[in-house]
1. Expressed in nm to one decimal, what extension gain is obtained for the pair residue B:151 and residue B:220 from 0.36 nm per residue of sequence separation less their Cα-Cα distance?
2. Considering the Cα positions of the range B:126-198, please state its Rg to one decimal place and its Dmax as a whole number of Å.
3. Find the Cα radius of gyration of the protein assembly as shown, compare it with 2.2 N^0.38 Å by division, and give the number to two decimals.
4. Could you list B:142, B:241 so that the one with the fewest beta carbons within 10 Å of its beta carbon is first and the one with the most is last?
5. Please arrange B:184, B:168, B:257 by how many other C-beta atoms lie within 10 Å of their C-beta, fewest to most.
6. Starting from the Kirkwood radius over alpha-carbon pairs of the range B:3-258, derive D by Stokes-Einstein at 4 °C in a medium of 1.567 mPa s and give it in µm² s⁻¹.
7. If you count, for every residue in A:41-50, the Cβ atoms of partner chains within 10 Å of its Cβ, what is the mean?
8. Hey, what did the range A:4-77 get for relative contact order, percent, Cα under 8 Å, at least 6 apart?
């Protein structure tokens, strides 16, 4: 099982690769809507990819109000 | 009509397979235009069934299969009219939509939904009319209606109950959460999960396989296996219309339509 730092790193790597954003531009406390330039449907796409990557289920209501990678990583870590 | 090119959807019959494509930007929101064109399709189904053996329904849009009913249109049509008139409009739309979906559900064609991306609300209900669902890994399924103060109105509950255990139906409906394709396969709704971008190709391969079997036997088997829950479908229309009179619906629709939040599609 990845530790919290590894989980956060994997999320940042996945988001950068999928949305074609330079990895160096992403930091844990970024607002991912702004940094990635994504809307709610693209957020669901990201959620799907994260679920497949980590082999978890993360109900989307747990993402309500979540906008930074660190909190997202916390939510995922709680399901690992 | 063996082929049709509309603004919201198109179809074509080729090699015994009808392909119905949804292509209304941005997310295949299903409104009055899609309904009018879908009625043309339903009216053509008998003729298509004489030469075809399968139907594939898919979306050409990158965002997914369909975001469901056109809530902006629904909200606008419910404004500035008396509640009685609003309900009359809503019931008429529901009756017409049910007629189309029931025709697809009961069609002698073996029907396949080739899915990717969002499969939400009315889009999910359209997929549920099909005999087989083939989803790629980007597919995400959701019934978000409860946050609007409504239940699914296009046959969602009766058809989910037909295909799934009641606990899964409750989870989908009462939480409004979305599920990925692997989860939906695990609960028994999706028959195949394929790599991103492969659902239409696999649906075509499946349709070709179905064409090898005796047509009469396939139609007989389908009719035996897949009853249409007509009584519950009718109850659903009545329940939906009853709920639509509640103030929570107007508030829920307004919130969605006027939302500038980044997360309007998150239940």
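A short reminder: the numbers here are calculations on the coordinates, not readings from a lab. These numbers were taken from a predicted model, which means no experiment stands behind them. Here the Cβ is made from the backbone with ideal geometry for all residues, glycine too, and neighbour counts use every protein chain on show.
1. 21.6 nm
2. Rg and Dmax of the range B:126-198, Cα atoms, are 12.0, 36 Å.
3. That ratio works out to 1.01.
4. Fewest-to-most ranking of B:142, B:241: B:241, B:142.
5. B:257, B:168, B:184
6. In µm²/s, the coefficient rounds to 71.
7. Average per residue, whole number: 6.
8. Relative contact order for the range A:4-77 comes out at 42 percent.
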